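As structure tokens, the structure follows; a few thoughts come after it.
Every number in this text was worked out from the coordinates using simple rules, so none of it is lab data. Source: prediction; values computed, not measured. So basically every Cβ, Gly included, is an ideal-geometry build from the backbone, and we count neighbours across all protein chains shown.
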There are 2 protein chains.
Amino acid sequence: MCLHSLADSHKPQRDFLSSDRHAPFMIGIAKSIAMREFPLLKALVVFRRSCRLAFVLGTVILISVQVQVQAQAQADPLPSWNDVASKKAIIAFVEDVIREGSPHFVPPDERIATFDNDGTLWAEQPMYFQLLFALDRVRLLAPHHPEWKSQEPFASLLKGDVKGALAGGEPAIGRIVMVTHTGMTPEAFDQIVLRWIASARHPTTGRLYTDMVYQPMLELLAYMRANGFKTFIVSGGGIEFMRPWTERVYGIPPEQVVGSSVKTKFEMQDKIPLLMRLPEINFIDDKSGKPVGIQQYIGRRPIAAFGNSDGDLEMLQWTTAAKGARLALIVHHTDAVREWAYDRNSSIGRLDKALDAAQAEGWVVVDMKNDWKVIYPSEKQ
Amino acid sequence: MCLHSLADSHKPQRDFLSSDRHAPFMIGIAKSIAMREFPLLKALVVFRRSCRLAFVLGTVILISVQVQVQAQAQADPLPSWNDVASKKAIIAFVEDVIREGSPHFVPPDERIATFDNDGTLWAEQPMYFQLLFALDRVRLLAPHHPEWKSQEPFASLLKGDVKGALAGGEPAIGRIVMVTHTGMTPEAFDQIVLRWIASARHPTTGRLYTDMVYQPMLELLAYMRANGFKTFIVSGGGIEFMRPWTERVYGIPPEQVVGSSVKTKFEMQDKIPLLMRLPEINFIDDKSGKPVGIQQYIGRRPIAAFGNSDGDLEMLQWTTAAKGARLALIVHHTDAVREWAYDRNSSIGRLDKALDAAQAEGWVVVDMKNDWKVIYPSEKQ
């Protein structure tokens, strides 16, 4: 777009230079006469010519800077958002904290923004995608584990009874996660995740999971970064499950991903140093764990935080409980046609207390159905 | 330096423009005659004048770009390093991994460099500066703790017997650290650290502690960042003890500091969300904890790591145990006059196994006495 605009912007300049079609010819005659009579004028013209390249380059640079500034000022940074209150609140906040002289000005280094992942940056129904990854992996590993045929939750799972497998609640889920997520190096787990994310398909949409990220949120991430924000993921999901693909999909590098984790152990095997993922919880980055994770990993309080469920309540409270301009935003899943509609009664991504808090505190609530023109990137025109 | 060079570089240009002192006067006469006779020439001169600003700006931009490129190519990025093997190895490594087309080229996102702090970026004798902070704080808090007069290690400490206080070993040190580092919010601890670091003086040099950082290492940090590296601290020291001042002193923001930590708890007090620092170890980022901390916080293996003691051995092993160009460097404290000389027999910053490993593996060893022109920034000319 920039190069294109630049090319267009040259036209008026060229037209101006040749506004009188006869001018170049007339100037040519005048010059030839003058130079014959005034050798010093000839030197002047030679000087002018030798400077032409510098002049042209200088002009091109100036115009390109102007065009870029204008494009930034005029282009809609959030084109997939309808022109609604949530969008206006986001833009008003960003413009307020970046404007020098504003009473709410925040230096770039302190522009920390934290984003939940499941249900905020990508979808999370009919269950967290990481759990779908774990279930896929149980099926893949089953041939090496004949004992699973008689052990729950694996037995139900291998019979196709996911509901039965998960009926064991958190202990059952914990067993599934540990056998599928640990006992290998982080690098090996990276590769396992990358293979799955590149090929696995969502059970109802048939899409790749990374195609079920929210286009309006991708724009929001880019908009905040363009305004000097450092964007972090702060998710209840596994940190090593997200890191292999967040840079490509969200533009968020591994070191800016905060999440739940298992313990890792350093060991030497045949004189080769290894890290090994252990079947033991290290940290749960959910609910009251989110402010703790933010402090531990980032070391400063965000000035903007984005979530969608009660798991994000404490992060939003923590973010807004400080002086200065603060933005707290909740993505409310209201679109049963294009995505899913759920809140207070959902077991996945329950939004109940945080919805009450949003109303009481005046946090921004995004109504997905009405606020977003598109949900997924593929719907973008 | 850049502005200065830019100003100098203008002089030849100005001299060129006025190389003949009479030229402007002569050109003026020629112009006035010519313009009276040739109105179109007048238009030409007006056009030339209107373009002068663009021309000058374009020229300034071009020259400044040229000067910057030349300055980068020619200036010594490590002026406080003697022209020795360690300096050459650093520069050869950096130039190798940043050169497109090099078999060892590393994209900027993967240029992760980790630096130990105590003994690598700043001094650590006669004891870790964080321990001196803790001792200062015990003295400050003593009036509120009359019971300390009869409790070790506090009793000895308050009598001025530091050696006696620390004779209790790690449990004694642990008690001192916990009473001085916990029971407050991270923000309150931030302020405590900032007050101390701004005023406390080193017991033998009388300097502020932040004046005891190593000038050659500051240059190294800046050099690596200028070449696209992301620089992290990975220290056995307390993460919250470093974060308040690392950005100002080292240019390393809080979110790029990895260190040891106590547990933190989220709680609501009178409807205000707080984090509280608890007297319980969360993570020890030393020895085999360093690769674990790197994986946990950064999520990728460094391609360059810098340390000075056996506490850094595993980080250096972990960094170098992967394909591609890798840089492992050890700062060897060899200068008893300008700093301290110690290695295999020191209880603080012991360098024994890691020195053997450096010799066996061909890691870079910096001989502080011979490799560094200056130690502290104040010695810089």
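Below is a table of values for the structure above.
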| read-out | value |
| --- | --- |
| Shortest-first nm distances, residue B:325 label point to equivalent points in other copies (7 Å, Cα→Cβ) | 4.3 |
| Per-pair calculated FRET efficiency, R0 = 41 Å: residue A:144 and residue B:336 via Cβ, rounded to 0.05 | 0.10 |
| Using a 7 Å Cα-to-Cβ projection, residue B:184 label spacings across copies, nm, ascending | 4.6 |
| Peptide B:245-255, shielding by other chains (average Cβ, 10 Å cutoff) | 3 |
| For residues of A:296-303, the mean tally of beta carbons on other chains within 10 Å | 6 |
| Region A:232-381, Rg to Rh (Cα coordinates; Rh as Kirkwood inverse mean 1/r) | 1.04 |
| Packing-based order for B:136-148, A:300-312, A:89-101, using average beta carbon neighbours within 10 Å, highest first | A:300-312, A:89-101, B:136-148 |
| Cross-link pairs beyond the 31 Å C-alpha cut-off, checked among B:163/B:230; A:163/B:263; A:87/A:163; A:230/B:271 | B:163/B:230; A:163/B:263; A:87/A:163 |
| Distance (nanometres) between label positions extended 7 Å along Cα→Cβ at residue A:199 and residue A:155 | 3.1 nm |
| Calculated FRET efficiency for the pair residue B:247/residue A:82, C-beta based, R₀ 30 Å, to 0.05 | 0.15 |
| Region B:246-312: C-alpha gyration tensor shape, a/c 1.5 cut-off, then a/b vs b/c | prolate |
| FRET efficiency, residue B:226 to residue A:207 (Cβ-Cβ, R0 30 Å, nearest 0.05) | 0.10 |
| For B:262-273, mean number of other protein chain Cβ atoms within 10 Å | 4 |
| Exam field: residue B:101 pseudo-label spacings to other copies (7 Å along Cα-Cβ), nanometres | 4.8 |
| Environment charge of residue B:300, counting only residues whose C-beta is closer than 12 Å and scoring Lys/Arg +1, Asp/Glu -1 | -3 |
| 10 Å-binned pair-distance histogram of region A:86-129 (Cα, whole percent) | 24, 35, 23, 15, 3 |
| Total formal charge among the other residues, if their Cβ is under 14 angstrom from that of residue B:87, Lys/Arg +1 and Asp/Glu -1 | -4 |
| Net charge, residue B:111 excluded, C-beta distance under 15 Å - Lys, Arg +1, Asp, Glu -1 | -1 |
| Relative packing of peptides B:198-211, B:276-289 - highest average C-beta neighbours within 10 Å first | B:276-289, B:198-211 |
| Residues in region B:159-193 that a label on residue B:281 would reach, taking backbone N under 19 Å of a point 7 Å out along Cα→Cβ | B:166-183 |
